[in-house]
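Quick notes on the structure that follows.
Nothing in this text is a laboratory measurement; each read-out follows from the coordinates by a stated rule. Treat the numbers as computed from the prediction; the structure is a model and nothing was measured. Don't worry about glycine lacking a Cβ; one is built from the backbone with ideal geometry, like all the others, and counts go over all protein chains shown.
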Amino acid sequence: MKKLIDKLREERTLTSEEFAHLLSHYDDEALAYINQQAREVATAHFGQGVYIRGLIEISNYCRNNCNYCGIRKDNWRADRYRLSKEMIWDCCEHGYKLGFRSFVLQGGEDPKRSDNDRQRDGTFGRSLRKSAGDIPNVPSRCLSVKNRRKLTNAIL
Ligand code: SF4
């Protein structure tokens, strides 16, 4: 078990089989060890500081249907919306006044967002970085790897 945890720390990933083994066979000792590893890595990167981010849900439309998720496409109870650029900007300004210096722009895989939209999001993200100086923007966690890469490249 320890070997797998060490591998995960070193290589930052495991094979599906190794993850499955870890998740179905861990015990208290393994859990303590993995927590210790996670703490060491976090401290190496962030020290003892506490970083908070303002989370802005820019849209709750999603083409996917993950069972656990409140904004999955088949949830007919969800009240759907998309924030305009101005609304996102207002949220950031408000958050900045409240002391947030980092914002996550989050949304689902919105079927109406094209590559052009993502390019525009990137340009918008860049102007946010420019105006607010120390505000990095983290693109949506629910984008596919391909779309996340496009958006990240557009921002940076
Ligand atoms: S992809 Fe993300 S936003 Fe979409 S249903 Fe799944 S968890 Fe929810």
The stretch 19-64 shape via C-alpha gyration tensor axes, a/c threshold 1.5: oblate
Lys, Arg +1 and Asp, Glu -1 on Cβ, resulting dipole of the stretch 1-48 about Cα centre, debye, nearest 20: 160 debye
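Could you compute the FRET efficiency for residue 31 and residue 51, with r as their C-beta to C-beta distance and R0 at 30 Å, rounded to 0.05? Before the final figure, lay out the partial values.
Details: r = 25 Å, r/R0 = 0.82.
Approximately 0.75, to the nearest 0.05.
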Built amide H within the under 5 Å cut-off of residue 58, gap 5+: 106, 107
Extreme residue, positive dipole direction of the stretch 1-123, given options 104, 47, 33 (C-beta unit charges): 104
Modelled label reach - residue 1, point 7 Å along Cα→Cβ, the stretch 11-28 residues with backbone N closer than 17 Å: 18-28
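In the stretch 20-58, which chymotrypsin sites (Phe, Trp or Tyr not before Pro) are in a loop and have at most 16 other Cβ atoms within 10 Å, using DSSP for the loop call?
Numbers: sites: 26, 33, 46, 51; in loops: 26, 51.
Of the chymotrypsin sites (Phe, Trp or Tyr not before Pro), the ones in loops of the stretch 20-58 whose Cβ has at most 16 other Cβ atoms within 10 Å are 26, 51.
Is the stretch 1-102 best put as rounded, prolate or oblate by its Cα gyration tensor, with a ≥ b ≥ c the root eigenvalues, rounded for a/c under 1.5, and otherwise prolate when a/b is larger than b/c, oblate when not?
Because a/c hits 1.5 or more and a/b fails to exceed b/c, the stretch 1-102 counts as oblate.
Trypsin sites (Lys or Arg not before Pro), restricted to the stretch 1-35: which are DSSP loop and have at most 16 other Cβ atoms within 10 Å?
On the way: sites: 2, 3, 7, 9, 12; in loops: 12.
Passing sites in the stretch 1-35 are 12.
When the chain is fully extended, how far beyond the present Cα-Cα distance does residue 43 get from residue 79, taking 0.36 nm per residue of separation?
Values: separation 36, 0.36 × 36 = 12.96 nm, distance 3.98 nm.
So the chain would gain 9.0 nm between residue 43 and residue 79.
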